[in-house]
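Encoded as structure tokens, the structure appears first; notes follow it.
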Amino acid sequence: MSRFFKKRFLLGLVAIVILAALVGISVTNRKQLTWPEQFLKDSIGFVQDVFQKPAEAVVGFFENISHIQNTYEENKVLKKHLDEYTELYVRVKELEKQNAEYKKLLGKEASLTDYDRINASVITRNPDAWNDLIMIDKGETDGVEKDMAVITADGLIGKVKSVSQFTATIQLISSRDRTNKITAVVQSDKRIFGLVEGYDEEKQMLVFQKIPAENKVKKGQMVVSSGLGGVFPRGLIIGRIQSVELDSYGLTQTAFVEPAANIYDLNEVIVVKRKLPAGEVEQ
Amino acid sequence: MIRIKHIVLPILLAFAFFLEGTFASLGAEWLYGLEETLVPRFLFVILILSAIFLESRLTYVYACVFGFFYDLMYTEVIGVYAFAFPVIVSIVVLLMKMFQSNLFVVALVTILGIIILEYYAYFMFSLIGYTEIEHDVFLRYRMLPTLAMNVIVYLLAFFPMRRLFLFLQRRSEQT
């Protein structure tokens, strides 16, 4: 009996040491996954995708049925918007043309706002939700790199955490990870720069911290990425300010930002590849 | 010697593993979108049932392997679940040596197993710095809803799984 327990005890001890070592290695901010990790991730991701696609089709079918019920009402609203849209489209085209001409005059080719898109579909999501991760079906061979921004049509949803050859893992903006920071700017008359850092799980809102108290930010103002630092382009929509609180010393204020994109309903996402390389950033 | 249970069990576990991911990504709106967080633990429930009704040693090995896959795909911290799954399953098996394996008793030890697993994950991810939620918030908004959902999963899985595992065990003993 005692020998039996000794063996168990020893086994447990060895296991704990191995656990500590593995966790220690994993937690350090690694630039790249090792190739066995990449290979396994790609293989598991591939099979997961086979599961995901038919399930998605079935869910999509039922969603479509429920959408049909509201079609008439929605159509009315959309028709109203369509006229405004045409007007806006013409203006944007005109502005784009002007912008291109000015750029040519200045001799600049790429600016902070320019980016290429890599379309990807979601393979899976972390079920235990301690760290909000999703996996997409595009990887290094498609040009995805670590720390790139990931958006949907509505706005920013996260950034690339790690890349394999054919898949990539994305950390959503709702993650509480300390490294999850986005340099952002509030769109008002004056540009107010700051850092979106952290997520309030109770309010389900992003926390936009350390805005100097003399800068007035209001509810409803848009927060977009500033493109300073990292590889995010400028002008990706993050969300709208919902409430502003003064910090305890009254020197800075904290704004709560409601994400523009729905981070709980993700099927198709876009990985954003900035045209201007990092390190060549100017204000 | 390779027996039929050596083939069926990994296929079953792989199915539960992939189903969990797909379920999480398509059902995210009501699993995580509300204040409550419900964590599907299909794989873990089936591991416990397999350890009780099929063969515990074989299950430990697969618990470690699938825990490793789980870490690789979802937590990106290797070792968290690869360690937890076999250890907690073996605790459950140790407990089951004292009891009869009927629906009610197995339900109790399964619930206990999930409680240990959730607390362990909470502890580990607090340590690593992935989360900072308070204990009472964790208990109210994560532990209780998760338990409720997985008890339903357990009730749905118990009879078909027990039947399958006992059948596999008999077949393996015959040949």
note = So A:Ser121 and A:Ile18, fully extended at 0.36 nm per residue minus their Cα-Cα distance, gain in nm 33.5 nm
remark   = Cα-based Rg/(2.2 N^0.38 Å) for chain A, rounded to two decimals, is 1.22
message = Using only the alpha-carbon atoms, how far is helix A:2-27 inclined from the longest principal axis of chain A? Give it as 0 to 90 degrees, nearest 10.
response = 20
task = Would you mind getting me the FRET efficiency between A:Val90 and A:Glu145? Use the beta-carbon distance for r and R0 = 35 Å, nearest 0.05.
result = 0.45
key: Cα-based Kirkwood hydrodynamic radius, the stretch A:86-244, one decimal, Å   = 17.4
request  = Extending each Cα 7 Å along its Cβ direction at A:Val59 and A:Thr34, get the distance between those two points in nm, one decimal.
outcome  = 3.3
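So how strong a dipole does the stretch A:1-103 carry about its Cα centre when Lys and Arg Cβ are +1 and Asp and Glu Cβ are -1, to the nearest 20 debye?
1120
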message = Among A:Asn119, A:Asn131, A:Asn75, which one shows the highest mean-square fluctuation when chain A is modelled as a Gaussian network with alpha-carbon springs under 10 Å?
response = A:Asn75
ask   = So which aspartates and glutamates pass the test for A:Lys275, namely a Cα distance under 12 Å, with those fewer than 8 places away in the same chain ruled out?
value = A:Glu109, A:Asp114, A:Asp116
request  = Quick one: among A:Ala153, A:Ala184, A:Ala20, which has the greatest mean-square fluctuation in a GNM of chain A with alpha-carbon springs under 10 angstrom?
outcome  = A:Ala20
query = Membrane-span-like helices in chain B: DSSP H runs reaching 18 Å or more (Cα, own axis), mean Kyte hydropathy at least 1.0?
reply = B:4-26, B:80-96, B:103-128
query = Around A:Gln165, with a cut-off of 15 angstrom between Cβ atoms, what is the net charge of the other residues, counting Lys and Arg +1 and Asp and Glu -1?
reply = -4
inquiry  = Report the Cα centroid-to-centroid distance between the stretch A:6-47 and the stretch A:115-145 in angstrom, as an integer.
reply    = 21
request  = Specify the inter-centroid distance of the stretch A:223-248 and the stretch B:24-51, based on alpha-carbon positions, in whole Å.
outcome  = 32
ask   = Which distance in nm do the two modelled labels at A:Leu195 and A:Lys181 give, with both placed 7 Å along the Cα-to-Cβ direction?
value = 0.3
query = At A:Glu74 and B:Leu166, where each label point lies 7 Å from the Cα along Cα→Cβ, what is the point-to-point distance in nanometres?
reply = 5.0
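Quick one: dipole size for the protein assembly as shown, taken about the Cα centre, charges +1 on Lys/Arg Cβ and -1 on Asp/Glu Cβ, in debye to the nearest 20.
Once rounded to the nearest 20, the dipole reads 1420 debye.
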message = Springs between alpha-carbon pairs under 10 angstrom, Gaussian network model over chain A: which of A:Ile237, A:Ile65, A:Ile134 fluctuates most?
response = A:Ile65
Eligible lysines near A:Lys76 by straight Cα distance, threshold 30 Å, same-chain separation 8 or greater = A:Lys93, A:Lys219
key: Average partner coverage of A:15-24, which counts Cβ from other chains inside 10 Å   = 4
note = Under the helix-only model (-39500 (n - 2.57) for each DSSP H run of 4 or more, divided by the residues of chain A), the mean residue ellipticity at 222 nm, to 500 deg cm²/dmol, is -12500 deg cm²/dmol
Charge sum, other residues only, whose C-beta stays under 14 Å from B:Leu34's C-beta, Lys/Arg counted +1 and Asp/Glu -1 = -3
query = A:Lys41: which lysines have alpha carbons under 19 Å from its alpha carbon, excluding same-chain residues fewer than 8 sequence positions away?
reply = A:Lys31, A:Lys53, A:Lys138, A:Lys146, A:Lys159, A:Lys161
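Rule-based calculations on the coordinates, nothing more; no lab input. Since the structure is predicted, the reported quantities are computational estimates derived from the model, not experimental observations. Don't worry about glycine lacking a Cβ; one is built from the backbone with ideal geometry, like all the others, and counts go over all protein chains shown.
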